[in-house]
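The values are calculated or read from the model by the stated rules, or taken from the named source; none is laboratory data. All figures in this text were calculated on a predicted structure; none of them were measured in a lab. Reconstructed Cβ throughout: ideal geometry from the backbone, glycine too, with neighbour counts over all protein chains shown. When the accessible area is computed, the model is the full protein with side chains, heavy atoms only, and any ligands, DNA or RNA have been set aside. Shrake-Rupley method; radii C 1.70, N 1.55, O 1.52, S 1.80 Å.
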Amino acid sequence: MKTPQQDRAPPRPSFMLLALAEARRAGAIGEVPVGAVIVDGPSNSVIAAAHNRVESWNDPTAHAEMLVIRSAARHLNTPRLERCDLYVTLEPCAMCAQAIAFARIRRLVFGAYDPKGGGVDHGARVFGQATCHHHPEVIGGVEEMACAALLKEFFAVRR
């Protein structure tokens, strides 16, 4: 008998490349280069894409994940994104991980790990908490080197 995860196709690196393109847009406007894409899992069609806007909007919650979740929810006219997969270039922070759980994203695919600010494999480990009522499938390290290099270049220029 197959589990729900076995029925799902493996993550598609091409979607992470779209998230990387969003991250580059963020870096070009002085934002931390993080990009995100939400894909309808069954059809593999892109629903929404976003990048960080924290500095340009003066909004500490304007992380790429938050913006792409809001956009996808509006597009689908539902607060529940149960058929959706989220591709993001950096391990989500605790705030974004909790939003992912609330949105009931079915799969989270991220690029670079974030030992200092991550909330999935590091820090709060939101999905591992007993108080977290939804646990998406998590796949980390997709296009990790490219995602990490973009962040390192961005911060090297600012130091």
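Here are the numbers for this structure:
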item	result
Residue 29/residue 146 FRET efficiency (R0 22 Å; Cβ-Cβ; nearest 0.05)	0.65
Cα-centre dipole for the stretch 65-159 with unit charges at Cβ (Lys and Arg positive, Asp and Glu negative), debye to 20	320
Residue-by-residue Karplus 3J(HN,Hα) for the stretch 23-32, coefficients 6.51, -1.76, 1.60, Hz, glycine and proline x	4, 4, 4, 4, x, 5, 9, x, 8, 4
Reciprocal mean inverse distance between Cα atoms of the stretch 17-102 - Kirkwood radius, Å	12.6
Simple label model, 7 Å out from Cα along Cβ direction - residue 55 to residue 40, nm	3.6
Amide H contacts under 5 Å for residue 110, placed H, 5+ residues apart	88, 139, 140, 141, 142
137, 144, ranked by accessible area, largest first (probe 1.4 Å)	144, 137
Cα-Cα P(r), the chain, percent of pairs per 10 Å interval	12, 44, 36, 8, 1, 0
Tail weight of P(r) past 14 Å, computed on alpha-carbon pairs of the stretch 103-146, percent	52
